[in-house]
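One structure below.
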Amino acid sequence: MKRSIPIVSAAVLVLALSACGNRTQADADAAANQAEQALDSAGAMASNVALDAQQALSPTPAGQEFIDRMAKSDAYEIATAKLAVTNASSQAVKDFAAEMIKAHTDSTAKMKAAAATANPALTPNAEMTADQQEDLAELGKMKGVEFDKEYIDDQVDAHEDAVVLLRDYSAKGDTPALRTVAGELLPVVQGHLDHARRLDK
């Protein structure tokens, strides 16, 4: 009977050490998660500083140039998103693309309506730039994981540019109706940028 006491004590010790080890692993996991969140936050802050600098260096466009740039951006976003629906391998990327088609179709409608109320009325030119057409053609040659990566990288860049444009025009634009729409679209496009950044990781 007395011999069993050390065995029981050893078993208790092993269980205690095991529990301690589990707690240590949990603590390490929690610390790793906190570090990752801190890095994400720092990365977002650095990106926002870069966007602020880009905005400071870019002159505010006139109303016609603003709606042309927005129309071309919307046309490009819709075209690339339609490619993503068929060429992407990730369901998350396909879902994002479907969101882009709806959001940028809505954006186009809002911009057209606001431009029509300007005095004089403005008509947006939605023909994509040569660079956009070239990027679209290159993207169309890709499929699967390669497509996913290139598409999302491109979405981050495109939405960063759009955030700078909308932020600037909503603050200093020369056409009140367009300024209002720019202010309404800014948080929506910022949300798309945040989503694209999460997918990029």
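Just so it is clear, none of the values below were taken in a lab; they were calculated from the coordinates. All of these numbers come straight from a predicted model, not from anything done at the bench. Methodologically, a virtual Cβ is constructed for each residue, glycine included, from the backbone with ideal geometry; neighbour enumeration extends over all protein chains shown.
Determine by what factor the alpha-carbon radius of gyration of segment 84-201 differs from 2.2 N^0.38 Å, reporting the quotient.
Here the answer is 1.15, to two decimals.
When the Karplus curve 6.51 cos²θ - 1.76 cosθ + 1.60 is applied with θ = phi - 60°, which whole-Hz ³J(HN,Hα) does each residue of segment 144-161 get, with x for Gly and Pro?
Karplus values, whole Hz, x for Gly and Pro: x, 4, 4, 4, 3, 5, 5, 4, 5, 4, 5, 5, 4, 4, 5, 6, 4, 4.
Give me the dipole magnitude in Debye, nearest 20, for segment 58-200 about the Cα centre, with unit charges on the beta carbon: positive for Lys and Arg, negative for Asp and Glu.
The calculation lands at about 480 debye.
Greater than 19 Å separation of Cα atoms is the criterion. Which listed pairs, Lys82/Lys102; Lys82/Lys141; Lys72/Lys149, meet it?
As for pairs spanning more than 19 Å Cα to Cα, those are Lys72/Lys149.
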